[in-house]
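A short worksheet on the structure shown next.
Just so it is clear, none of the values below were taken in a lab; they were calculated from the coordinates. Note that this is a predicted model, so its numbers are computed, not measured. In this analysis, Cβ positions are derived from the backbone assuming ideal geometry, glycine residues included, and neighbour counts consider all displayed protein chains.
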Amino acid sequence: MEWFRHDRFGMFVHWGLYSLAARHEWVKNRERMTDERYQRYFDRFDPDLYDPRAWARSAKAAGMRYVVLTTKHHDGFCLWDSALTDYKVTNTPYGRDLVEPFVAACRAEGLKVGFYHSLIDWHHPEFPIDGLHPQRDEPDPRPRDIAVYREYLHGQVRELLTGFGTIDYLFFDFSYAGRPNTWGGKGAEDWGAEELLAMVRELQPGILVNDRTGLPGDFVTPEQYQPSGPMGVAWEACQTLNGSWGYDRDNVDYKSPELLVRMLVDGVSKDGNLLLNVGPTGRGLIDPEAETRLAAIGEWMRLHERSIRGCGASAYDAPTDCRYTQNGDRLYLHLFSWPFKHVHLPGLAGKVRYAQLLSDGSEIQLVVPDPTRTAENTRPGAQPPGTLTLELPVRRPE
Ligand code: JFZ
């Protein structure tokens, strides 16, 4: 777990046939597309601008230390040359494996390598699709044998964990057994999760696996929300840039760089990681809106990385609109809004030897009340005992 807790920040990449539809990675299901209809993307999949080294450089420049690629999403399309299916990139016009160059690019940039692999498969003929079937609105009339699919799933995970060298991270997606719904669900038993995880650990002893097989993993994965505090276990929030994981051309509702930085800070202040998603286009590019945000986060990280990397939650409670991250005896105060001149930090009086702005290293003066000056300390509006006050510049530094 050491690198994972230390690095704190990774890139999620959702990329596949749905990137050509460019309207969300669930497009096949949402629009009730038949396999035949969805085939139009397979027949035209030709990412001529695919340059995983550029992705890895963007990730690294943003301050990310690991990258997680969708080897297969729910649509079942495989980004590597699997021996177990024809539904793979090598049979598209592109005709070449995408995963090996991805792994090589990450390694070349010094980044850890992760695979996302969908447990759900809307293409495999023996996968029983629950509920809102992509092809019809009624239950599937044909009996399906999930045992056959299970074997396929295990076989493909074996391929992924034996064919590409060391893999650092695996994100299975997802279980939904026992959810309140009218159409059942799938979980650990359906995936053969116990056997699956045993195989994963045997093939890649150092790997970290998430918790979405329905069995506990090495970390938990709150999705598109920030937990309210430390979870007592390693965790990683995954977040989109604009609400869609797959490339979504007409969705311009992007989170601002400020918000994204806050998500990262907020997570680390609660002992968590951030896996921030990009959805490259059908030609293989990270779109300019996404690149702009990655660059802005990178600019922030250039000066503030020390308050993220190797940091975790503090035992101190931060004031409203502030977060603490801490690394050993270094406490970092993140101000989500810039106060006027003073910020009061309960419980920190006498605990801080020196304070400085992280951005330029300039000294911040400490104001500690003298406990013997009773009148001053008990006047209306006085800070409670033990409060440390920092004197900030009135204008927020750039
Ligand atoms: C899943 C996928 O369906 C989605 O397309 C994307 O890949 C995302 C990262 O993962 O979506 C989920 C999975 C689990 C929950 C919610 C959305 N969940 O547990 O609440």
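Take Val99 and tell me if it is touching a Gly at 6+ places or on another chain (Cβ under 7 Å), crowded, with 18+ Cβ neighbours inside 10 Å and not hydroxyl-bearing (Ser, Thr, Tyr).
On the way: touching a Gly at 6+ places or on another chain (Cβ under 7 Å): no; crowded, with 18+ Cβ neighbours inside 10 Å: yes; not hydroxyl-bearing (Ser, Thr, Tyr): yes.
Spelling it out, it is not the case that Val99 is touching a Gly at 6+ places or on another chain (Cβ under 7 Å), crowded, with 18+ Cβ neighbours inside 10 Å and not hydroxyl-bearing (Ser, Thr, Tyr).
Cβ-Cβ distances below 7 Å connect no pair with a first residue in the stretch 291-318 that is more than 20 Å from Tyr66 (Cβ to Cβ) and without any contact (Cβ under 8 Å) to a residue 40 or more places away in the chain, a second residue that is crowded, with 16+ Cβ neighbours inside 10 Å and β-branched (Val, Ile, Thr), and a separation of six or more residues or different chains. When you look at Ser82, is it in contact with a helix residue (DSSP H, G or I) (Cβ under 8 Å, 6 or more places away or on another chain), away from the ligand (no atom under 16 Å from the Cβ) and not in a loop (DSSP other than H, G, I, E, B), yes or no? The answer is no for Ser82. Here Tyr316 passes the criteria (1) out of contact with any Phe, Trp or Tyr (no Cβ under 6 Å at 6 or more places or on another chain); (2) over 20 Å from Val261 (Cβ atoms) except the one numbered (1).
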